[in-house]
Every structure is written in structure tokens, then in C-alpha cells.
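The next block holds one structure in the form of C-alpha cells; read it before the comments.
The values are calculated or read from the model by the stated rules, or taken from the named source; none is laboratory data. Not measured: the values here are computed from a predicted model. Don't worry about glycine lacking a Cβ; one is built from the backbone with ideal geometry, like all the others, and counts go over all protein chains shown. The accessibility values were calculated without ligands, DNA or RNA, using every heavy atom of the protein model including side chains. Shrake-Rupley method; radii C 1.70, N 1.55, O 1.52, S 1.80 Å.
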Amino acid sequence: MVESLKNYKTSGTIVPCSKYAAQFALKNVDLKNAKTIVELGCGTGVFTKVIEKKKNQRTRFIAIEINEELAKEAQKNNPNTKIVQDSAENLSQILKENENEKADIIISTLPWAIFEKELQIKILNEVYSNLEENGEFITISYIITNRLKKGKSFYTLLKSKFNKVKKTRFVVKNLPPSFFYYCKKLPINL
Ligand SMILES: C[S@@+](CC[C@H](N)C(=O)[O-])C[C@H]1O[C@@H](n2cnc3c(N)ncnc32)[C@H](O)[C@@H]1O
């Protein structure tokens, strides 16, 4: 919490996500059959722990966190997960250095609504180009920030990028209350 407070401008929140929110978001996601899973903005590793527990033993799983202290804490909390301290902007390079595989599932708790539009575009491009066809992108959104200008611009970008975007109900057992977008990368019919 202290680290999140110190870095509010990049974390976008002052407390880690709740375990309840992680379980809710991942309830219907087929983690068992994924070959590669990527988590963006893992913080202290709350979602990481749930993913680690639900995934197949053979699944490759990489969690990315920009903040050095949080990345260290996530690693301590999840000793079996590969935690990379870097920005999600560098996803292509990170995957290149780790078996060079695209992901079947990308899960993000990045604070999109505090990112400038350029950064939103940059990271979303990285997400899209590093997802397999039929791959799934799941991302958190907060009820309050979602209504701000940058929150709205993120949603517009998301819809322009993905053929299918679904929104969940609100999760009040999380601070701040949130919901999730499920986005599918459908094959392009030529
Ligand atoms: C809302 S918090 C979620 C934290 C995590 N889910 C947890 O429960 O601890 C967002 C996280 O994204 C990280 N972050 C912000 N910008 C990032 C970036 N460009 N690349 C990777 N992580 C980033 C922040 O440092 C923060 O830990």
C-alpha cells in the first residue's frame, strides 16, 4: 500500500486489487488450456497468485510490472512465476527474450484511465499484435475513472481494435469498485 501511494501516478490506485476481483475476473477464462499467459501491471501479485493456481503446469506465464519495489514483492509472493520488471510498452521485446511466443491470454490491471492517449495506443497495439488469433484480452476498468475523458478514450480504442468487447457487472468488493472488459481477437476473414 505504501508503494502504491508513493506511485499513485503510475499505479492509479492506493491499494492492491482484491483476491475476490481476481477470482471474479478469471472465473470463466480458460487458463487451463492456454499455452502462454501474460499479465500486465501485476503490482504485488494478487491476480498472479490466482492465475498461477488455475493454469496448467505446462503453461508459460509471464507477469510484467513497471515498479521495481512492487515487482520484487510480487516475486516474493509468487516464487514460481516469472516476474519481469519492465513496461508493458515493451511486451514484444519481453516475449522475444522469453521463448518468442504470442499469448493466448493477456490479463491487465493497468490503470488505463490515467495513461495519455499515446501510451494507451502504444500498449494496446502491443497487446493486439502479441495475441494469438482467437486469443483473449481481459482488462480491469474502474467505475469512476471510466467516466473520465481518458477512460472514455480507452474504451473507444478498445472497441476499434477488437472485434468483440464484452463488459462484466460491477465488482464492489474491490477498491475502487471495478468491472472487466473481455475482448476477443477474432481471425480476419479475407
Ligand atoms: C491498479 S494497479 C494493479 C495492481 C495489481 N493488480 C495488484 O493487485 O497489486 C496497476 C499496476 O500497474 C503498474 N503499471 C503502471 N504502468 C505500467 C506499465 N506501463 N507497465 C507495467 N506495469 C505498469 C503499476 O505500477 C501498478 O502496480
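Take the residues in the stretch 118-151 that are assigned to a helix (DSSP H, G or I) and modelled with pLDDT under 95, then tell me which one is farthest from the ligand (Cβ to nearest atom).
Our first condition is that a residue be assigned to a helix (DSSP H, G or I); within the stretch 118-151, this holds for 118-129, 145-147, 149-151.
After this cut, where a residue has to be modelled with pLDDT under 95 as well, the list is 145-147, 149-151.
Numbers: T145: 10, N146: 13, R147: 17, K149: 19, K150: 13, G151: 13 Å.
By that ranking, first place goes to K149.
So, in the stretch 168-190, exactly how many residues are surrounded by 13 or more Cβ atoms within 10 Å (Cβ to Cβ) and either polar (S, T, N, Q) or not in a loop (DSSP other than H, G, I, E, B) (or both)?
Residues meeting the conditions: 10.
Checking the conditions here, which among I114, I106, I94 is in contact (Cβ under 8 Å) with a residue 60 or more places away in the chain and either in contact with a His (Cβ under 8 Å, 6 or more places away or on another chain) or open to solvent by less than 20 Å² (accessible area, probe 1.4 Å) (or both)?
I106
Is one or more of the residues making up the stretch 86-102 under 30 Å from V172 (Cβ atoms) and either among the hydroxyl-bearing types (S, T, Y) or more than 8 Å from the ligand (Cβ to nearest atom) (or both)?
no
Please enumerate the residues belonging to the stretch 52-73 that are more than 14 Å from the chain's Cα centre (by Cα) and either more than 14 Å from the ligand (Cβ to nearest atom) or part of a loop (DSSP other than H, G, I, E, B) (or both). Explain how you work it out, then say what you get.
Kept after step one, since they are more than 14 Å from the chain's Cα centre (by Cα), are these residues of the stretch 52-73: 52-60, 67-73.
Residues satisfying the conditions are K53, K54, K55, N56, Q57, R58, T59, R60, N67.
Please specify each residue of the stretch 13-28 satisfying the condition of being aliphatic (A, V, I, L, M) and either modelled with pLDDT under 95 or within 11 Å of the ligand (Cβ to nearest atom) (or both). It would help to see each step written out before you state the result.
Within the stretch 13-28, the first condition is being aliphatic (A, V, I, L, M), and the residues that meet it are 14-15, 21-22, 25-26.
Across the stretch 13-28, the qualifying residues are I14, V15, A21, A22, A25.
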